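Below: one structure, written as structure tokens.
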Amino acid sequence: MAMKWSIPAVEALKADGLRITDLDTSGTPGFTGDKSEGLVSLAERATVLSGLQEKLYANGRSGDKRSVLLVLQGMDTAGKGGIVRYVIGSVDPQGVDHAAFGVPTEKELRHHFLWRIRRELPGGGQLGVFDRSHYEDVLVVRVHDLVPPEEWEPRYDEINAFEEELVYEGTTLVKVAMFVSLDEQKRRLSERLERRDKHWKFNPADIDERAHWPAYQQAYQAMLDRTSSGHAPWYVIPADRKWFARLAVTELLIDALERLELDWPPPQFDIEEQKRRLAQI
């Protein structure tokens, strides 16, 4: 099937200069196909992603220290869980490090805000996935005044330095900010209330958070403006259409892995000798 991207996802989705208030959350930037074509493309590209991730894992088993870290940020119902289930679920779980960051524990609060993040960083050869991340400490804490501005304001620079360190040490960062409209979020929350199989996903606090929507938009805008860099850019994904969000993240991960120029690691043994041994037994 011919690709339907008029502009590569890494260019179409980059956050540079984007204003969240102008974002069409039902849009499909760079992708010219419809839903049926998107789903076909998603299935095809998932196979490509799986092959690349296997090479990353194989190289890690052979001592390669490089890794890829997918950072997922978004309001509740933005589809982060769907990315983990349907995109990351298409690759070998042996090579995946997944961490979901909720409200900090008392122990975590006694440490620097990056302490719990460092503990979950992917090892060599791993595809790491952060469902929420260190950015909660310039989003939720800002919106709800959990710490004073003089405490969260310096964190932007700390995060930039931290991510620069990660890249220097061999981690490729893929930072994804997912946005749904208020109406779409309401529809998804309603579905969780109506369907017995989705009750477990519903959190009454999600309704309370809707009252803070403008404040969250401001906080997310500051996050994009202050922490999108050449070595760790932000990608903004309109997420009203789940199929597009999943296809977009798949494309971003494929691009990140292809940039590593991975090949299968050479064997650490004599192949012909092992063939002879096998033939004798």
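Listed values, structure above:
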read-out: Pairs where the first residue, in region 258-281, is open to solvent by 100 Å² or more (accessible area, probe 1.4 Å) and at pLDDT below 95 and the second is among the hydroxyl-bearing types (Ser, Thr, Tyr) and assigned to a loop (DSSP other than H, G, I, E, B), C-beta under 8 Å, 6+ apart; value: Gln268/Ser62
read-out: Members of region 1-32 found to be over 17 Å from Lys175 (Cβ atoms), open to solvent by less than 30 Å² (accessible area, probe 1.4 Å) and in contact with a helix residue (DSSP H, G or I) (Cβ under 7 Å, 6 or more places away or on another chain), listed by number; value: Thr25, Gly30, Phe31
read-out: Filter result for Ser41 (touching an Asp or Glu at 6+ places or on another chain (Cβ under 8 Å), in contact (Cβ under 8 Å) with a residue 40 or more places away in the chain and either under 17 Å from Leu253 (Cβ atoms) or not hydrophobic (A, V, I, L, M, F, W, C) (or both)); value: no
read-out: Helices (runs of 4 or more DSSP H) enclosed by region 102-158 - at least 1 residues per element that are under 22 Å from Val68 (Cα atoms) and modelled with pLDDT of 95 or more; value: 115-118
read-out: Odd one out for Tyr86 among (1) more than 29 Å from Asp206 (Cα to Cα); (2) in contact (Cβ under 8 Å) with a residue 40 or more places away in the chain; (3) of a type in the set (Ser, Thr, Tyr); value: (1)
read-out: Region 209-229 residues that are free of Cβ contacts under 8 Å to residues at least 40 places away in the same chain, paired with ones that are charged (D, E, K, R) and part of a helix (DSSP H, G or I) (beta carbon under 9 Å, 6 or more apart); value: Arg210/Lys186; Gln218/Arg142
read-out: Within region 1-40, tally of residues that are farther than 22 Å from Gly74 by Cβ, modelled with pLDDT of 95 or more and either among the aliphatic types (A, V, I, L, M) or touching a Leu at 6+ places or on another chain (Cβ under 7 Å) (or both); value: 2
read-out: Residue tally, condition open to solvent by 20 Å² or more (accessible area, probe 1.4 Å) and in contact (Cβ under 8 Å) with a residue 40 or more places away in the chain, over region 180-190; value: 2
read-out: Residue list for region 65-85, restricted to those being farther than 18 Å from Ala256 by Cβ and in contact with a Lys or Arg (Cβ under 7 Å, 6 or more places away or on another chain); value: Gly74, Thr77, Gly79, Gly82
read-out: Number of the exception - Gly74 against (1) open to solvent by 50 Å² or more (accessible area, probe 1.4 Å); (2) modelled with pLDDT of 95 or more; value: (1)
read-out: Among the residues listed as Gly89, Gly60, Gly95, the single one being surrounded by 13 or more Cβ atoms within 10 Å (Cβ to Cβ) and either aromatic (Phe, Trp, Tyr) or out of contact with any Leu (no Cβ under 9 Å at 6 or more places or on another chain) (or both); value: Gly60
read-out: Which listed residue, of Val129, Val141, is within 23 Å of Tyr57 (Cα to Cα) and buried (at least 17 other Cβ atoms within 10 Å of the Cβ); value: Val129
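Okay, residues lined up against (1) open to solvent by 20 Å² or more (accessible area, probe 1.4 Å); (2) not in a loop (DSSP other than H, G, I, E, B):
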site	(1), (2)
Arg192	yes, yes
His199	yes, yes
Asp208	yes, yes
His231	yes, no
Val236	no, yes
Arg246	yes, yes
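The values are calculated or read from the model by the stated rules, or taken from the named source; none is laboratory data. The structure displayed is predicted, hence computed values, not measured ones. Positions of Cβ are generated from backbone atoms using ideal geometry, with glycine treated the same way; all protein chains shown enter the neighbour counts. Note: accessible area is taken over every heavy atom of the protein model, side chains too, but ligands, DNA and RNA are not part of it. Shrake-Rupley method; radii C 1.70, N 1.55, O 1.52, S 1.80 Å.
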